[in-house]
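Every number here is computed from the coordinates shown, using simple stated rules; none is lab data. In this text, all values refer to a predicted model and were calculated from it rather than measured experimentally. With ideal geometry, Cβ positions are generated from the backbone for all residues, glycine too; neighbour counts draw on all protein chains shown.
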Amino acid sequence: MTVTVMISGGFALAYQTALPEFQRRTGITVETLSGASQGKGPKTIRHQLAHGAEVDVVILSNEGLHELAEDGRVAEGTAVELATAPLAAAVRVGARKPDVSSVAALTRTLSEAHLIGLPGSTSGLFIQTDVLPALGIAETVRLKVYPRGTDSTAALVAGETDIALGPISELVNIPGVEPIGHLPDAVQLVQTFTAAIVADARHPEAAKRLIAFLQSDEMSAAIRSAGMEPVRA
């Protein structure tokens, strides 16, 4: 039996770390597809499900899950919160580490940046619509929005940008990328990443077993190593 999962970047590191043990223990094979929690274009989970992707489980931000629920794409009562992740900033390894610890410092750092990279999903949308206006630099800051967090960090490593913003779980354990701190509380968004069974899942019982495993105490170490905090049942 094969269960198909479509997952966004925020929970991907913890998920990939723990997945081999679930497959070994249960004998269930898991196929993993990727998509953005929110945003526009063909790389979003919403777009892929709407265009026929056959998926049993989705794992994404609560904001993205709400959109899927409005579309009737998830089975009612199956959503399970797994972990939370705050927004953070990162630079290339070896680069100067600018200060982001206060609103004033973050404003100065972003204003002085040559180019800032953002994912086009939940975190990037929040930064554009809430953080930058709150800092008073929405019209002057120089930024580029990438379809996924992985695209944003790849651009950082390649030298195309000099700072990346996003959930901490998309900025840790990436070669060439060094996190420099969480954003200040006044402009912070702590995202919750949630799993749910898709309304037309082919293997709902196996999907339920996978979600239960991802919520179990055994996942705590993998979740924390990704900079996140587990959500307890």
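Couplings for the stretch 216-224, taken from phi via the Karplus curve 6.51 cos²θ - 1.76 cosθ + 1.60 with θ = phi - 60°, read 6, 4, 4, 7, 4, 5, 5, 5, 5 Hz in order; Gly and Pro are left as x. Proximity of backbone amide H atoms, modeled 1.01 Å from N, is registered between ALA201 and no other residue at under 5 Å, excluding neighbours fewer than 5 places apart on the same chain.
Given the DSSP H assignment, sum -39500 (n - 2.57) over each helix run of at least 4 residues in the chain and divide by its residue total; what's the result at 222 nm in deg cm²/dmol, nearest 500?
On the way: 9 runs with 76 residues, N = 233.
The helix-only estimate for the chain comes to -9000 deg cm²/dmol at 222 nm.
Residues whose amide H falls under 5 Å from that of THR78, counting only those 5 or more places apart or on a different chain, are ILE197, with hydrogens built in the peptide plane.
For LEU115, the residues 5 or more places off, or on other chains, whose built amide H falls under 5 Å of its own are ASP162, ILE163.
If you restrict to DSSP beta bridges whose two residues both lie in the stretch 87-187, what percentage is antiparallel, to the nearest 5? All intermediate terms of the calculation are to be shown ahead of the outcome.
Numbers: 9 of 15 bridges.
The answer is about 60 percent antiparallel.
Result for the chain in a Gaussian network model with C-alpha springs under 10 Å: among ARG24, ARG209, ARG46, the largest mean-square fluctuation is at ARG24. Be a star and scan the stretch 173-196 for residues whose amide nitrogen sits under 18 Å from the point 7 Å along the Cα-to-Cβ vector of GLU229. Residues 181-194 fall inside that zone.
What's the ranking of 123-129, 9-15 by average number of surrounding C-beta atoms within 10 Å, highest first? Walk me through the intermediate numbers first.
Working: 123-129: 21.1, 9-15: 25.6.
The peptides rank, most packed first, as 9-15, 123-129.
Charge tally around GLY39: other residues with Cβ under 11 Å, Lys/Arg +1 each, Asp/Glu -1 each, net +2. Where [x] 42, 25, 13; [y] 32, 18, 15; [z] 31, 22, 17 are the candidate values, the label of the one calculated here for semi-axes √(5λ) of the Cα gyration tensor in Å is [y]. Peptides 98-105, 143-150, 176-183, ordered by how many other C-beta atoms sit within 10 Å of their residues on average, highest first, read 143-150, 176-183, 98-105. Computed over the stretch 141-233, the P(r) curve from all C-alpha pair distances, binned at 5 Å from the origin, holds 2, 11, 17, 18, 16, 15, 10, 7, 3, 0 percent per bin.
Using the average count of surrounding beta-carbon atoms within 10 Å as a protection proxy, the listed peptides 106-115, 188-197 rank, highest first, as 188-197, 106-115.
Ratio of Rg to Rh for the stretch 87-187, alpha carbon only, Kirkwood? Value, to two decimals: 0.91.
Helix 103-112 axis versus longest C-alpha principal axis of the chain: approximately 80°, rounded to the nearest ten.
The spread of Cα positions in the stretch 61-105, taken along each principal axis and listed from longest to shortest, comes to 47, 24, 18 Å.
Other residues within the sphere of radius under 12 Å centred on the Cβ of SER216, judged by their own Cβ, net out at 0 (K and R +1, D and E -1). Checking the cross-link pairs LYS97/LYS144; LYS43/LYS208; LYS43/LYS97 against a 28 Å limit on the alpha carbon distance flags LYS43/LYS97 as lying beyond it. Couplings 3J(HN,Hα) for the stretch 177-190, derived from phi with the Karplus relation 6.51 cos²θ - 1.76 cosθ + 1.60 (θ = phi - 60°), are 10, 10, x, 10, x, 6, 6, x, 4, 5, 10, 9, 10, 8 Hz, where x marks Gly and Pro.
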